[in-house]
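The values are calculated or read from the model by the stated rules, or taken from the named source; none is laboratory data. All of these numbers come straight from a predicted model, not from anything done at the bench. Note that each Cβ is placed from the backbone with ideal geometry, even for glycine, and that neighbours are counted across all protein chains shown.
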Amino acid sequence: MKRTVASSARAVTPAGPLEVRAPLTVGADGRQSTVRSRARLEVHEFGVPIDVLWIRISRRTEDPEVPLGRFGGGQVFVMIYRGKYWQCGLVIRKGGYAEIRSQGLEAFRDRIGRIAPFLCGRLDELRD
């Protein structure tokens, strides 16, 4: 007979305390994970060679409603449809943020405008 050892997770909800028991409990609470820290789990770094700058830009009615990936001039720009706005991610080389920041906000707006020209009329929404 196979024995399954259940794990549990506890939370406080608006309705009061909650305990969930399951054969597997997954904690997905991000890079500074409380779950990982408390469970004393080892962090494994995989050395990903990219970073992503996430921005939010308003959506217009004439914009498409599907997720978009734009590739051009050595750039990768992802646009995720969120109803009234786009959640956008610009893929940059690992550690490249300081260089982009030093070039200034206007250069950053221009960069986005070259990748996704239909956004040009609203790039002033990017304020920092």
request  = Determine if segment 53-62 includes at least one residue that is without any contact (Cβ under 8 Å) to a residue 40 or more places away in the chain and touching an Asp or Glu at 6+ places or on another chain (Cβ under 7 Å).
outcome  = no
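Which count do you get for residues in segment 119-128 that are loosely packed, with under 12 Cβ neighbours inside 10 Å and in a helix (DSSP H, G or I)?
Residues of segment 119-128 that are loosely packed, with under 12 Cβ neighbours inside 10 Å, as a first pass: 121, 124, 127-128.
So of that shortlist, the ones also in a helix (DSSP H, G or I) come out as 121, 124.
Here the count works out to 2.
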ask   = Which of the following residues is hydrophobic (A, V, I, L, M, F, W, C), closer than 24 Å to Arg127 by Cα and without any contact (Cβ under 8 Å) to a residue 12 or more places away in the chain: Ala28, Ala98, Ala11?
value = Ala98
The lone exception for Gly104 - which of (1) at pLDDT 95 or above; (2) at negative phi it fails = (2)
ask   = Which condition number in (1) assigned to a strand (DSSP E or B); (2) out of contact with any Leu (no Cβ under 7 Å at 6 or more places or on another chain); (3) not polar (S, T, N, Q) is the one that Ile55 fails?
value = (2)
query = Take the residues of segment 67-111 that are outside any strand (DSSP E or B) and touching a Phe, Trp or Tyr at 6+ places or on another chain (Cβ under 7 Å): which is farthest from Gly47 (Cα to Cα)?
reply = Pro67
query = Only one residue in Val52, Val76, Val66, Val48 is within 19 Å of the chain's Cα centre (by Cα), farther than 27 Å from Arg31 by Cβ and hydrophobic (A, V, I, L, M, F, W, C), so which one is that?
reply = Val66
query = Restricting attention to segment 1-35, which residues are at pLDDT 85 or above and either among the charged types (D, E, K, R) or within 30 Å of Gln75 (Cβ to Cβ) (or both)?
reply = Glu19, Arg21
ask   = Looking only at residues in segment 38-55 that are of a type in the set (A, V, I, L, M, F, W, C) and out of contact with any strand residue (DSSP E or B) (no Cβ under 9 Å at 6 or more places or on another chain), which one is surrounded by the fewest Cβ atoms within 10 Å (Cβ to Cβ)?
value = Phe46
query = Checking Ser58 against (1) among the polar types (S, T, N, Q); (2) out of contact with any Phe, Trp or Tyr (no Cβ under 7 Å at 6 or more places or on another chain); (3) surrounded by 10 or more Cβ atoms within 10 Å (Cβ to Cβ), which test does it fail?
reply = (2)
